[in-house]
1. For segment 380-399, check the following and say yes or no: at least one residue is in a loop (DSSP other than H, G, I, E, B) and at pLDDT below 95.
2. Among the numbered criteria (1) more than 22 Å from the chain's Cα centre (by Cα); (2) within 29 Å of L47 (Cβ to Cβ), which one does N375 miss?
3. So which residues in segment 403-448 are in contact with a Pro (Cβ under 7 Å, 6 or more places away or on another chain), crowded, with 20+ Cβ neighbours inside 10 Å and part of a strand (DSSP E or B), if there are any at all?
4. What is the one condition in (1) out of contact with any strand residue (DSSP E or B) (no Cβ under 6 Å at 6 or more places or on another chain); (2) buried (at least 16 other Cβ atoms within 10 Å of the Cβ) that G330 does not satisfy?
5. Quickly run through segment 288-306 and pick out the residues that are in contact with a helix residue (DSSP H, G or I) (Cβ under 9 Å, 6 or more places away or on another chain), surrounded by fewer than 19 Cβ atoms within 10 Å (Cβ to Cβ) and not basic (K, R).
6. Looking only at residues in segment 90-124 that are of a type in the set (D, E, K, R) and either in contact (Cβ under 8 Å) with a residue 40 or more places away in the chain or not assigned by TED's automatic domain parsing to the domain that holds L155 (or both), which one is nearest to Y426 (Cα to Cα)?
7. Quick one: count up the residues across segment 203-220 that are under 19 Å from R114 (Cβ atoms), assigned to a helix (DSSP H, G or I) and not polar (S, T, N, Q).
8. Scan segment 35-48 and report the pairs whose first residue is closer than 19 Å to C434 by Cβ and whose second residue is part of a loop (DSSP other than H, G, I, E, B) and not polar (S, T, N, Q), with Cβ atoms within less than 6 Å and a gap of 6+ or a chain change.
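The values are calculated or read from the model by the stated rules, or taken from the named source; none is laboratory data. What you see is a predicted model, and the numbers here were worked out from it, not measured in a lab. A quick note on method: Cβ atoms are made from the backbone with ideal geometry, for glycine too, and the neighbour counts reach across all protein chains shown.
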Amino acid sequence: MAEIAPLTPLRYDLARLASSGDGGDGSLASVVAPPYDVIDATQRAELAARHPNNVVKLILPDGEGDEKYRHAGDLLMAWRTEGALVRDDVPAFYRYDQTFTPPGTPGAKPITRRGFLGLVKLVALDKGIVLPHERTLSGPKEDRLKLFRATRTNLSPGFMLYRDPARALDAALERASELASFDTADGIHHALAKITDAEAMRTIVQGIAKSSLLIADGHHRYETAFRYMEETTSGGAARPEHQYFMVFFANGDDPNLVVFPTHRHIHSLPKFDFEELCNSAAALFDVTRLPGGASAHVLTAALADAGKKAPSLVACSGDGKAALLSLKNGADLAAHPILGKRPEPLRRTDVAILHMGVLEPMLGITPEAQAAKTNIYYPQDAVAALGELRSGKGQVLFLMNATPVAQVREVAEAGEVMPQKSTFFYPKVLTGLCIHTLEPTRSVAGAS
């Protein structure tokens, strides 16, 4: 099914980084960055100030209009010329561990999410090999495509999940040589190691070939890479680099895979009344009033408990009211005017029930308005979001449970996609650990 391959990437010269007097702490921490789409202007400035070669200057380049993309291409070339970025000498998979304590869980023990960086052969999403689970928007794809063209590189990895319930690849991933480890300001410990053992690489390639790949993060980046491949003429290489996309692969059956919910904060509706919402919701949900002014912890605890029994969500008003909405036992979603038109795996998910059973029919927020974020934004911190609501921002906050990975895969395998922002995999995969060039005359190595 999925065809993957080792990387021969550009990487930061660790010896040069450690000995340079350019600033930073001499480790990868000073030059890596989160994915471009979670970096705001303040964080971008802070990252750029850490080191002259911080990768944020490539993924979010300076300049106006198309000039910024040309600037990124020139900057990348300069860094390669001066030796800040160098080509690795042999093909390898790069094991990447992130050790962290899940946020919002005081007293929890640290856990480690293990995966590896490699390449996947680009295929159309309708082939059932690489499975999307969310819709994408045109704006981000146009932006990234211009960056691909200007730099001829895949700077930021996607994030995909393979199936391995028996943990058959674990032993192969152990056969690695340590390269670097460092901590980031969010308290996450990162460790990068290189897998060059031929047998281990073959085991990994053959193991992934048995599985389809679910896109966990990076839908826009994958679709952009596919479009770039289509518009690029091959240069005679057997396996041209531009036909492969750089990915962080993780086992979707790993119990240490952490998924957090993304909540829905509704605003700017021409008319909204919380009591009317609760009355309308009673046709589909059992509506249970929760204590007035309850904390986010109390509300999310009630939601988590209810979610064990039925699809559930909590609606909160700015004046402190809250109601638990749990799908009625025996509710016939197949007969619902909107949900009934969608495949059964999708209509069992909390987010689809909210979007198609509440936002659209009860609040009048069309799918187009949802995609454009006309009346909705997506906070991930329930405490902060509830505080903003009660301070007068927005009209209603819907608190959500996390969508289980197995449920996401069921939806994707049914050929369906979920509403946007249905999952939040934690932690984010850093950019700057490896950079994949897209030269049509360079061939990707096999795991021989």
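1. The answer is yes, given that some residue of segment 380-399 is in a loop (DSSP other than H, G, I, E, B) and at pLDDT below 95.
2. Checking N375 against (1) more than 22 Å from the chain's Cα centre (by Cα); (2) within 29 Å of L47 (Cβ to Cβ), the one that fails is (2).
3. Hits for segment 403-448 are T431, I435, H436.
4. Evaluating G330 over (1) out of contact with any strand residue (DSSP E or B) (no Cβ under 6 Å at 6 or more places or on another chain); (2) buried (at least 16 other Cβ atoms within 10 Å of the Cβ) leaves (2) as the failure.
5. Let us first name the residues in segment 288-306 that are in contact with a helix residue (DSSP H, G or I) (Cβ under 9 Å, 6 or more places away or on another chain), namely 288-291, 293-297, 299-300.
Checking which are surrounded by fewer than 19 Cβ atoms within 10 Å (Cβ to Cβ) leaves us with 288-291, 293-295, 297.
Passing the criteria: T288, L290, P291, G293, A294, S295, H297.
6. R113
7. Going through segment 203-220 one residue at a time, the tally reaches 4.
8. As it stands, the answer is P35/K428; Y36/L60, since those pairs meet every condition given.
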